[in-house]
1. What percent of all Cα-Cα pairs in chain A falls into each 5 Å bin, going from 0 up to the bin containing the maximum distance?
2. Taking chain A as the reference, fit the longest principal axis to its C-alpha atoms, fit the long axis of helix A:168-180 to the helix C-alpha atoms, and give the angle between the two in degrees, 0 to 90, nearest 10.
3. What length, rounded to one decimal in nm, is gained on full extension from B:S225 through to B:V33, with 0.36 nm per residue of separation minus their alpha-carbon distance?
4. Compute the distribution of all C-alpha to C-alpha distances in region B:2-76, in bins of 5 Å from 0, and list the percent of pairs in each, rounded to whole numbers.
5. Grab region B:1-59 and count how many Lys pairs have their alpha-carbon atoms under 19 Å apart, sequence gap of 8 or more, or different chains.
6. Please report the equivalent ellipsoid semi-axes of region A:1-139, computed as sqrt(5 x eigenvalue) of the Cα gyration tensor, largest first, in whole Å.
7. So, in region B:159-249, how many Lys pairs have Cα atoms under 16 Å apart, if the pair is 8 or more places apart or on different chains?
8. Determine which aspartates and glutamates satisfy two conditions relative to A:K121: a Cα distance under 19 Å, and not lying fewer than 8 residues away in the same chain.
Amino acid sequence: MIYKIRIRRQESQKSDSYWQEFEFDGSKNSSVANVLKELNSRTPLKDNSGNIVTPISWECSCMVRKCGACAMLINERPRLACSTFLHTLKGSTITLKPLSKFPLVRDLIVDRSILFENLKKLNLWLESEAYMNPWTHEPRYQSARCLMCGCCLEVCPNFSANGTFAGTVAAVNAFRILNEEQESTHLNEISAEYKKRFFEGCGKSLSCHDICPIGLPVEELLVRSNAAAVWGANKMDDKSYNECMKRVSQNHQIR
Amino acid sequence: MKDGKQWYFMEEKYPELGNLMPRDITAREIWKVSHESEVFLDMTEISEEIISNKLSGLADDCMTYLHKDIRKEPVSVLPGIHYFMGGILVDEQHRTPIQNLCAAGECCAQYHGANRLGGNSLLGALYGGRVAAKSACEQADVVDLSCATQIDFPPASQISEIKQLNKVMQETMGVVRNENTLLNGIQTVQALTGNLPLLGMAVLKSALARKESRGAHWREDYPKSNDDDYLKTTVARFDGKQIQISFVPVPERR
């Protein structure tokens, strides 16, 4: 099947953006990542007007939604290119743009280092040996699966790269540390930063939950992190705490 | 498949361990059989409980990317690169020969020898990471960090050259190696420019110099291990012009 691929290109943050169009003739089962790889393998690469153009700059690594590198706007939605198949998109014109919430580097590459900087500001590391609560094994595992791709921040109405609000990526990753840290002074530091950088900025639109490309139980993890950092639920014994969380989670829609 | 029927060749050849033989042996058997027929991994007998609890990610990925339900049908397989046993040479403190540069994880080589055993990459990640961090902190206190050595590397390769390099490496550094294909490979790679062909050359020359088989390095012209001459670590060094190959002894057992 023949597709028209429209890509917004830009040489650097300071230069102007412009559109280029390419034709892709291939299987509808191809992913957007397959398409980009095929385009870049053409020697030379020509756009639909016949001009020879430079290969498209984009990030990818694992190709199987384990690393989060290939997040971009595909037909206006932030998604992973490796896991977005052409037959799931409407029509035969595919539009590719870089994520808009992060500083542009080139073409489809953006600088997502703010995600990591925010985790550092939230003190998300352990000062003691991890306490491995068997009752929270599953949500801790889910918390660790976060790809740091940035899709949740892209759709969040409250996040901007200049603000204090660190977004859902912080709340999701915070849970396992909040649940494992035994050093109470440090736990209080994490909780204080969490309140300031997440709880006070979140408007609960939950678009993050809907957009997560790997289907993390985002809402459940937000609830659990809020309980631990804001409401001090760590003071309950493990079993009661987990049973309380289960009841709370059952009241929300969990994916 | 053999004579129209499913042929479980690993179970047949290795009755005790079957498909749990070490990876280098399994890879070679798959590679040999793949010349006659397509090779599959049959996971249909695995219980639903195990699939849901331990293999749900795998089942999901096979469905999403291969459109195959592993519960119902075997999946086509071929040996592929999974782990690089070589890498930046480091000492026990994970320091490299370059001052103020430490390396940890798969990018460096220290403890796995010619065959990294299953699950052991955790050693490099956890132990290696911690030790490298410790070394880096110790060095940072003592030496000025701005005194790194600079070597001028060639500019990035063209896409067409990378494609050629892919083809050569695939053909010469696969599961089974021999002197002729290695020599031809070296000739082809010599003509390519850029950083990646330089790395490729280091790998090819190391493979050529090791005239024995050991772990993942299997040569059909030297199918046995030769501890007397080769129980050593191959080191490839770029002097600015050429790749030089040498051998260093392995550490004493403690």
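The values are calculated or read from the model by the stated rules, or taken from the named source; none is laboratory data. Everything numeric in this text was worked out from a predicted model, so none of it was measured. When we count neighbours, we look across all protein chains shown, and the Cβ atoms used for this are built from the backbone with ideal geometry, even at glycine. Accessible surface is based on the protein model in full, side chains and every heavy atom, while ligands, DNA and RNA are left aside. Shrake-Rupley method; radii C 1.70, N 1.55, O 1.52, S 1.80 Å.
1. For chain A, the pair-distance distribution reads 1, 6, 13, 16, 16, 13, 11, 8, 7, 5, 3, 1, 0, 0.
2. So the inclination is approximately 40 degrees.
3. 66.8 nm
4. The calculated distribution, bin by bin, is 3, 14, 21, 21, 22, 15, 4, 0.
5. Number of lysine pairs found: 5.
6. After diagonalising the Cα gyration tensor, the semi-axes are 34, 19, 12 Å.
7. Values: B:K205/B:K232; B:K205/B:K241; B:K211/B:K224; B:K211/B:K232; B:K224/B:K232.
Close lysine pairs found across region B:159-249: 5.
8. A:D111, A:E180, A:E181, A:E183, A:E189, A:E193, A:E200
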